[in-house]
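*Asks:* The structure follows.
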Amino acid sequence: MYYQPDIETMSREELSKLQLERMKWSLSQAYENVDFFKRSFDGAGVTPDDLESLEDLAKFPFIVKQDMRDAYPYDLFAVPMKEVARIHASSGTTGQATVVGHTARDLENWGDCFARGIAMVGGSDESTLQVSYGYGLFTGGLGAHAGGEAMGCTVIPTSSGNTKRQVQFLADCGTDILACTPSYALYIADTAIEMGYDPAKDFKISGVICGAEPASENMRQEISDKLGVQYCDVYGLSEIMGPGVAMECAERGGLHIAEDQFYCEIVDPDTGEVLPEGEWGELVITTLTRECTPLIRYRTRDVTRIVSEPCACGRTHRKIDRLRGRTDDMLIIRGVNVFPSQIEQVITAFPEVATQYQIILTNKGPLDHVELHVETEPDYPIDTVRKLEDLKRRLEAELKANLQVAVDVKIVEPKTIERSMGKAKRVIDKRGEQA
Amino acid sequence: MILQLTVFLQNEKGTLSRLTRTIADAGINMHAMFLADTAEFGIARIFCDAPEKVAQMLTDAGFRAAVTPVNAVHVPNEPGGLARLLDFCNSADINIEYAYCFKVGDDTAIDVFKVENENIDEALRQAGFRIAEPEDIYAF
Ligand SMILES: [Zn+2]
């Protein structure tokens with residue numbers, strides 16, 4: 001049921017004590033061994049000795065992605081190279097790659113974090129884990145692999161690709177748990193169905209652990225239904241470790257953070273101020289045990305909130321809510337933070353509306369005005385004015401309830417919503433354009 | 001029941017002419033057209049030849065178009081023609097979504113109406129109304 005019951009169900013008081021002890025160690029590990037942190041702490045006028053409580057962490061400066069790029073390749077390493085067991089690197093699609101090192105202990109901790117998620121989908125040392133994440137510099141494959149080995153599973157390292165063979169392993173080797181990206185899980189399911197299987201009935205599989213890319217609620221449901229499995233959402237980022245920083249239990253009310261290994265804060269993305277518990281904002285992570293690449297207050301740019309209500313699964317570690325998006329996507333409308341993903345969520349609950357949409361922001365006078373353009377699905381009856389107006393009103397009411405901002409819904413003709421070659425342009429901000 | 005071509009239009013300059021131009025360019029003859037409009041959008045209801053083919057052609061051209069089965073009856077082109085039909089619907093508890101009529105030749109008109117429960121042809125016939133057939137209105 002639990003992989004490390006003593007840690008996962010530790011009392012909050014004990015856990016806080018452990019976090020403080022480890023945070024002190026981590027601050028020293030960074031300050032004493034990494035030039036960057038020495039300079040940045042000194043610049044802010046703080047030393048590790050200034051940390052007396054967990055809240056004191058707010059006195060310390062942030063580290064951002066660019067700092068990691070600047071440190072390429074090894075400037076953030078806090079241990080000599082002979083202790084570095086492995087390095088991972090994130091792809092540098094928008095600039096210099098970032099390199100993260102792991103000691104043998106770091107890798108062991110990583111395996112433990114991921115193994116907790118395997119237990120969350122009912123896995124044990126009896127289970128067979130198929131890892132269809134890519135293996136390599138990307139942390140998905142080897143991270144899940146380490147989790148499977150830590151748990152004592154039979155691991156099938158299929159890596160990604162060759163989808164028919166993936167299906168063959170699911171069918172023939174009795175895979176219990178599949179770990180891969182959500183889009184690949186869906187692709188595997190569809191391929192299996194095309195090959196004539198009903199994976200929900202024909203395969204033994206009972207759980208999937210999916211992460212590394214966003215998945216809508218609909219997509220998760222589709223994966224669960226097609227494969228007949230429990231869906232576990234896994235959060236992680238290569239800068240911090242990889243998959244396993246937080247994982248979703250069967251209660252599905254968020255992802256349990258491995259709080260013995262990571263300390264999470266939520267800050268206002270504009271001011272950097274720590275926000276009260278439960279508010280939505282940018283996730284900032286401090287590693288508590290990492291030896292090779294300790295990170296103090298790393299700005300993830302992921303937007304979520306912390307869920308601290310006790311979980312029915314019995315784990316005491318707090319949770320992060322499903323990610324709302326990246327801070328880069330956030331819109332501020334009449335002072336309210338709105339994410340395109342929230343609008344998307346509302347739209348997907350309306351089967352009569354197509355998933356194409358566009359948000360147009362203007363300001364008439366001092367107030368922001370939000371117009372949402374949507375198209376009806378091709379088979380939606382367009383013949384009755386009353387039904388179309390009713391659909392518009394229902395959508396507007398639902399959006400108002402979810403976003404706390406009034407949205408003017410406009411049903412438009414198909415193809416009026418601009419589609420670019422790659423990603424559709426979802427937001428058109430015309431505020432400040434008019435006189 | 002006859003098939004009406006229904007097209008959703010944004011209430012913006014030029015959308016209606018774009019629609020009629022597309023239909024004209026395909027060499028299709030329109031027999032009647034009615035526009036329902038709100039502040040933001042309009043619905044064009046059209047009788048034309050080969051409605052299903054035209055709906056598909058418009059969909060391919062990027063319009064939101066569909067065919068809608070509607071009821072149509074011949075009524076004498078004289079005072080009270082439409083009133084008698086509506087009286088009947090009222091007494092038979094038939095809810096009309098929308099209705100319109102147009103004149104055919106000199107002495108008859110065709111009343112077109114959309115109801116919630118679609119097939120009321122038999123009830124109309126029994127009540128003595130003359131149902132309009134598709135061929136009365138358009139070619140296939
Ligand atoms: Zn839980």
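*Asks:* From A:A85, A:A78, A:A71, which residue is more than 21 Å from the chain's Cα centre (by Cα), open to solvent by 30 Å² or more (accessible area, probe 1.4 Å) and of a type in the set (A, V, I, L, M)? Please lay out each step first, then the result.
*Replies:* Values: A:A78 fails: open to solvent by 30 Å² or more (accessible area, probe 1.4 Å); A:A71 fails: open to solvent by 30 Å² or more (accessible area, probe 1.4 Å).
Just a single option satisfies the conditions, and that option is A:A85.
*Asks:* A further question on this structure: Limited to the range A:253-267, what total is found for residues that are within 16 Å of the ligand (Cβ to nearest atom) and either open to solvent by 20 Å² or more (accessible area, probe 1.4 Å) or within 14 Å of chain B (Cβ to nearest Cβ) (or both)?
*Replies:* Selection size over the range A:253-267: 1.
*Asks:* On to the next question. So is A:G117 open to solvent by less than 10 Å² (accessible area, probe 1.4 Å), under 30 Å from A:A171 (Cβ atoms) and more than 16 Å from the ligand (Cβ to nearest atom) or not?
*Replies:* On the way: open to solvent by less than 10 Å² (accessible area, probe 1.4 Å): yes; under 30 Å from A:A171 (Cβ atoms): yes; more than 16 Å from the ligand (Cβ to nearest atom): no.
When the stated conditions are applied, A:G117 does not pass them.
*Asks:* What's the number of the only condition in (1) open to solvent by 70 Å² or more (accessible area, probe 1.4 Å); (2) closer than 30 Å to A:R315 by Cβ that A:E32 fails to meet?
*Replies:* Result: A:E32 fails condition (2) only.
*Asks:* Also, I was wondering about something else. Looking only at residues that are assigned to a loop (DSSP other than H, G, I, E, B) and at pLDDT 85 or above in the range A:315-338, which one is nearest to A:V427 (Cα to Cα)?
*Replies:* So in the range A:315-338, the residues assigned to a loop (DSSP other than H, G, I, E, B) come out as A:315-318, A:321-324, A:330, A:334-335.
Narrowing the set further to residues that are at pLDDT 85 or above leaves A:315-318, A:321-324.
Numbers: A:R315: 39, A:T316: 39, A:H317: 36, A:R318: 33, A:D321: 24, A:R322: 22, A:L323: 19, A:R324: 16 Å.
My answer is A:R324.
*Asks:* Any idea how many residues of the range B:116-138 are within 14 Å of chain A (Cβ to nearest Cβ) and either crowded, with 17+ Cβ neighbours inside 10 Å or over 12 Å from B:N71 (Cβ atoms) (or both)?
*Replies:* The qualifying residues number 0.
*Asks:* Same structure, new question: Return yes or no: is A:A250 more than 14 Å from chain B (Cβ to nearest Cβ), on the phi < 0 side of the Ramachandran plot, open to solvent by 10 Å² or more (accessible area, probe 1.4 Å) and within 16 Å of the ligand (Cβ to nearest atom)? Steps first, answer last, please.
*Replies:* Values: more than 14 Å from chain B (Cβ to nearest Cβ): yes; on the phi < 0 side of the Ramachandran plot: yes; open to solvent by 10 Å² or more (accessible area, probe 1.4 Å): yes; within 16 Å of the ligand (Cβ to nearest atom): yes.
Taking the combined requirement at face value, the residue satisfies it.
*Asks:* So is A:D270 away from the ligand (no atom under 16 Å from the Cβ), within 26 Å of A:A97 (Cα to Cα) and open to solvent by 50 Å² or more (accessible area, probe 1.4 Å) or not?
*Replies:* Details: away from the ligand (no atom under 16 Å from the Cβ): yes; within 26 Å of A:A97 (Cα to Cα): yes; open to solvent by 50 Å² or more (accessible area, probe 1.4 Å): yes.
When the stated conditions are applied, A:D270 passes them.
*Asks:* On to the next question. Could you please find all residues in the range A:387-402 being more than 14 Å from chain B (Cβ to nearest Cβ) and open to solvent by less than 70 Å² (accessible area, probe 1.4 Å)?
*Replies:* Filtering the range A:387-402 for residues more than 14 Å from chain B (Cβ to nearest Cβ) gives A:394, A:397-402.
Those that are more than 14 Å from chain B (Cβ to nearest Cβ) and open to solvent by less than 70 Å² (accessible area, probe 1.4 Å): A:A397, A:L399, A:A401.
*Asks:* So, one more: Can you work out which of the residues in the range A:408-434 that are within 14 Å of another protein chain (Cβ to nearest Cβ) and assigned to a loop (DSSP other than H, G, I, E, B) is modelled with the lowest pLDDT? It would help to see each step written out before you state the result.
*Replies:* Restricting attention to the range A:408-434, the residues satisfying the condition of being within 14 Å of another protein chain (Cβ to nearest Cβ) are A:408-419.
Restricting the remaining residues to those that are assigned to a loop (DSSP other than H, G, I, E, B) gives A:412-419.
On the way: A:V412: 89, A:E413: 86, A:P414: 80, A:K415: 67, A:T416: 66, A:I417: 65, A:E418: 59, A:R419: 54.
The selected residue is A:R419.
*Asks:* Do you know which of the residues in the range B:83-106 that are of a type in the set (V, I, T) and at pLDDT 85 or above is surrounded by the most Cβ atoms within 10 Å (Cβ to Cβ)? Even if it seems obvious, please write down each step before you answer.
*Replies:* From the range B:83-106, those of a type in the set (V, I, T) are B:94, B:96, B:104; that's our starting set.
Then drop every residue that is not at pLDDT 85 or above, which leaves B:94, B:96.
Working: B:I94: 17, B:I96: 14.
This residue is B:I94.
*Asks:* Please indicate, with yes or no, whether at least one residue in the range A:362-371 is farther than 27 Å from A:F41 by Cα, open to solvent by 10 Å² or more (accessible area, probe 1.4 Å) and touching a Phe, Trp or Tyr at 6+ places or on another chain (Cβ under 7 Å). Write out each step before concluding.
*Replies:* Going through the range A:362-371, the residues farther than 27 Å from A:F41 by Cα turn out to be A:362-371.
Of the ones still in play, those that are also open to solvent by 10 Å² or more (accessible area, probe 1.4 Å) are A:362-369, A:371.
Among the residues that remain, those that are also touching a Phe, Trp or Tyr at 6+ places or on another chain (Cβ under 7 Å) are: none.
No.
*Asks:* Give the residue that is nearest to the other protein chains (Cβ to nearest Cβ), with candidates limited to residues of the range A:351-384 that are aliphatic (A, V, I, L, M) and closer than 23 Å to B:L35 by Cα.
*Replies:* Restricting attention to the range A:351-384, the residues satisfying the condition of being aliphatic (A, V, I, L, M) are A:353-354, A:359-361, A:367, A:370, A:372, A:374, A:382.
Right, trim to closer than 23 Å to B:L35 by Cα and you get A:374, A:382.
Numbers: A:V374: 12, A:I382: 4 Å.
It comes out as A:I382.
*Asks:* Another one. Has the range A:323-343 got at least one residue that is within 16 Å of the ligand (Cβ to nearest atom), of a type outside the set (S, T, Y) and touching a residue at least 12 places away in the same chain (Cβ under 8 Å)?
*Replies:* Step one: list which residues in the range A:323-343 are within 16 Å of the ligand (Cβ to nearest atom), which gives none.
Scanning the range A:323-343, I find no residue that is within 16 Å of the ligand (Cβ to nearest atom), of a type outside the set (S, T, Y) and touching a residue at least 12 places away in the same chain (Cβ under 8 Å), so the answer is no.
*Asks:* Something else about it: Give the range A:361-380 a look and list any residue that's in contact (Cβ under 8 Å) with a residue 60 or more places away in the chain and closer than 16 Å to A:K392 by Cα, or say none.
*Replies:* Hits for the range A:361-380: nothing passes.
*Asks:* A follow-up question, please. Could you figure out which of (1) within 16 Å of the ligand (Cβ to nearest atom); (2) modelled with pLDDT under 95 isn't true of A:G92?
*Replies:* With respect to (1) within 16 Å of the ligand (Cβ to nearest atom); (2) modelled with pLDDT under 95, A:G92 is out only on (1).
*Asks:* Please work out which one of (1) more than 16 Å from the ligand (Cβ to nearest atom); (2) assigned to a loop (DSSP other than H, G, I, E, B) is the condition A:T300 fails and give its number.
*Replies:* Of everything listed in (1) more than 16 Å from the ligand (Cβ to nearest atom); (2) assigned to a loop (DSSP other than H, G, I, E, B), A:T300 misses just condition (2).
*Asks:* Is at least one residue of the range A:221-233 in contact with a helix residue (DSSP H, G or I) (Cβ under 8 Å, 6 or more places away or on another chain), surrounded by fewer than 19 Cβ atoms within 10 Å (Cβ to Cβ), farther than 25 Å from A:E126 by Cβ and modelled with pLDDT under 95?
*Replies:* Checked the range A:221-233: at least one residue is in contact with a helix residue (DSSP H, G or I) (Cβ under 8 Å, 6 or more places away or on another chain), surrounded by fewer than 19 Cβ atoms within 10 Å (Cβ to Cβ), farther than 25 Å from A:E126 by Cβ and modelled with pLDDT under 95.
*Asks:* Related question: Has the range A:24-39 got any residue that is modelled with pLDDT of 95 or more, among the polar types (S, T, N, Q) and over 18 Å from A:L76 (Cα atoms)? Spell out how you get there, then give the answer.
*Replies:* Pass one, the range A:24-39, residues modelled with pLDDT of 95 or more: A:24-39.
Going one step further and asking which of them are among the polar types (S, T, N, Q), we end up with A:26, A:28-29, A:33.
Filter again for over 18 Å from A:L76 (Cα atoms), leaving none.
Scanning the range A:24-39, I find no residue that is modelled with pLDDT of 95 or more, among the polar types (S, T, N, Q) and over 18 Å from A:L76 (Cα atoms), so the answer is no.
Quick grid of which residues meet (1) in a loop (DSSP other than H, G, I, E, B); (2) within 16 Å of the ligand (Cβ to nearest atom); (3) within 30 Å of A:K38 (Cβ to Cβ); (4) in contact with a helix residue (DSSP H, G or I) (Cβ under 9 Å, 6 or more places away or on another chain):
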site: A:T293; (1), (2), (3), (4): yes, no, yes, yes
site: A:Y357; (1), (2), (3), (4): no, no, no, yes
site: A:T362; (1), (2), (3), (4): no, no, no, no
site: A:I382; (1), (2), (3), (4): yes, no, no, yes
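*Asks:* Regarding the range B:57-77, can at least one residue be identified that is more than 26 Å from B:L19 (Cα to Cα) and open to solvent by 30 Å² or more (accessible area, probe 1.4 Å)? Reasoning before the result, please.
*Replies:* Taking the range B:57-77 and keeping what is more than 26 Å from B:L19 (Cα to Cα), we get B:73-77.
Remaining after also requiring open to solvent by 30 Å² or more (accessible area, probe 1.4 Å): B:76-77.
Yes - at least one qualifying residue is present in the range B:57-77.
The values are calculated or read from the model by the stated rules, or taken from the named source; none is laboratory data. All values derive from a computational prediction rather than experimental measurement. So basically every Cβ, Gly included, is an ideal-geometry build from the backbone, and we count neighbours across all protein chains shown. Side chains included, ligands, DNA and RNA excluded: accessible areas come from the protein's heavy atoms. Shrake-Rupley method; radii C 1.70, N 1.55, O 1.52, S 1.80 Å.
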